[in-house]
1. At a 1.4 Å probe radius, carbon and sulfur cover how many percent of the accessible area of segment 164-290?
2. Please build a GNM for the chain, connecting alpha carbons under 10 Å apart, and tell me which residue among Ile231, Ile120, Ile262 fluctuates the most.
3. Lys57: which lysines have alpha carbons under 23 Å from its alpha carbon, excluding same-chain residues fewer than 8 sequence positions away?
4. Of the peptides 5-17, 249-261, how do they stack up when ordered by the mean number of other Cβ atoms within 10 Å, highest first?
5. Once both axes come from the Cα atoms, what is the angle between helix 279-289 and the longest principal axis of the chain, in degrees from 0 to 90, rounded to 10?
6. Which order do peptides 308-316, 195-203 fall in by mean Cβ count within 10 Å, highest first?
7. Could you compute how fast segment 224-284 diffuses translationally, taking Rh as the Kirkwood radius over C-alpha pairs and applying Stokes-Einstein at 4 °C with viscosity 1.567 mPa s? Give it in µm² per second.
8. Find the accessible area per residue for segment 158-262; the probe is 1.4 Å, ligands and nucleic acids are left out, and the unit is Å².
Amino acid sequence: MADLNVVTYRPERAEYAWTFGGAAPVMKVKPGDVLELWTDDCFGGLIETVDDMPSDKITAFNPQTGPFYVEGAEPGDTLALHFVALEPARDWAVSTTFPLFGSLTSTLRTVTLQDALPEIVWRYEVDRSRGTVRYQARNGDQTIDLPLEPMHGTVGVAPTGGEARSSLVPDAHGGNMDTPEMRAGTTCYLGVNVEGALFSIGDGHYRQGEGETCGVAVEGAMNTVLVVDLIPSQATPWPRLENDDYIMSTGSARPLEDAFRIAHGDLVMWLVEEFGFEKLDAYQLVSQISESPVANVCDPNYTFVAKAPKRYLPSSDVYASTRGRLKEMAAEYSSGRDS
């Protein structure tokens with residue numbers, strides 16, 4: 001690990017960012033830096049027991065660690081973030097139903113005359129040795145151990161046009177996409193909109209089903225290690241992801257079908273850019289090979305993910321093999337930590 005520049009940062013509560021854009025950077029980092037970061041849960045650690053009601057204690061959600069100013073990043077570049085490790089930072093986590101929030105209840109946008117769902121908190125106990133979180137029913141005696149599958153709900157950069165966007169909202173800048181694909185081993189590509197990119201992460205989930213149906217995952221603080229890189233003069237219009245087996249495009253919008261269209265349209269154009277497909281040929285291929293998990297159907301914008309299996313593509317390399325370089329750095333970091 002001697003050649004790696006490792007930066008460790010744990011924010012004080014007063015240093016949390018609550019928006020993408022509109023916040024001053026907490027520090028400058030360089031392409032190639034390895035960041036060891038701590039992030040709080042979506043409730044800022046204020047909900048610890050089943051008797052703590054978010055409506056009594058919370059005025060803002062999804063505190064972000066960051067933003068980080070990436071030296072050399074300019075609009076039109078692409079920021080690459082490779083997630084090396086995500087590990088629960090607490091031995092407990094919480095989830096809730098929340099009045100007027102979620103996909104199966106009345107909301108401020110979907111207005112009905114039914115009463116809002118009650119506000120209930122579930123506490124999950126973490127067993128690190130077994131790699132599980134324990135679901136305990138509130139109104140019954142059911143107990144189920146579920147596998148830990150840590151992920152980040154929010155990853156993003158400052159939006160274009162000088163905007164400041166709530167950390168609850170996903171859009172072209174990233175933000176609160178809530179996709180389980182944002183986990184260790186994934187590389188996230190984000191289009192840079194402002195000098196320095198100003199990226200932040202947060203909203204750790206110890207696990208989450210696709211769709212985040214009730215609006216709240218198993219929310220917990222996270223220790224995260226990531227590697228930062230920069231791809232100059234290559235634009236990325238919507239957040240893209242890559243792992244060993246897939247390239248993935250995301251789309252965030254309402255209605256849900258528009259999020260689906262954005263994700264699949266971007267995946268089509270990615271094949272055109274990377275592999276020289278004619279647009280309609282790429283459209284035909286995506287139609288036959290894509291996998292389309294829904295990320296969230298509860299946020300102010302919904303998020304879809306469109307996945308293309310690499311085994312069907314002309315090459316497994318995209319963005320000039322950036323991921324390969326980042327994986328080598330991740331392996332060097334991990335071997336140095338283990339030795």
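The values are calculated or read from the model by the stated rules, or taken from the named source; none is laboratory data. These figures come from a predicted structure and were not determined experimentally. Methodologically, a virtual Cβ is constructed for each residue, glycine included, from the backbone with ideal geometry; neighbour enumeration extends over all protein chains shown. Only protein heavy atoms, including side chains, enter the accessible area calculation; ligands, DNA and RNA are left aside. Shrake-Rupley method; radii C 1.70, N 1.55, O 1.52, S 1.80 Å.
1. On the way: 2070 of 4150 Å².
The C+S portion of the solvent-accessible surface of segment 164-290 is 50 percent.
2. Of Ile231, Ile120, Ile262, the Gaussian network model singles out Ile120 as fluctuating most.
3. Excluding near neighbours in sequence, the set is empty.
4. In decreasing order of mean packing, 5-17, 249-261 become 249-261, 5-17.
5. With rounding to tens, the tilt is 50 degrees.
6. Working: 308-316: 14.0, 195-203: 25.9.
Ranking the peptides 308-316, 195-203 by packing returns 195-203, 308-316.
7. Values: Rh = 13.0 Å.
For the chosen part, D equals 99 µm²/s.
8. In whole numbers, segment 158-262 has 29 Å² accessible per residue.
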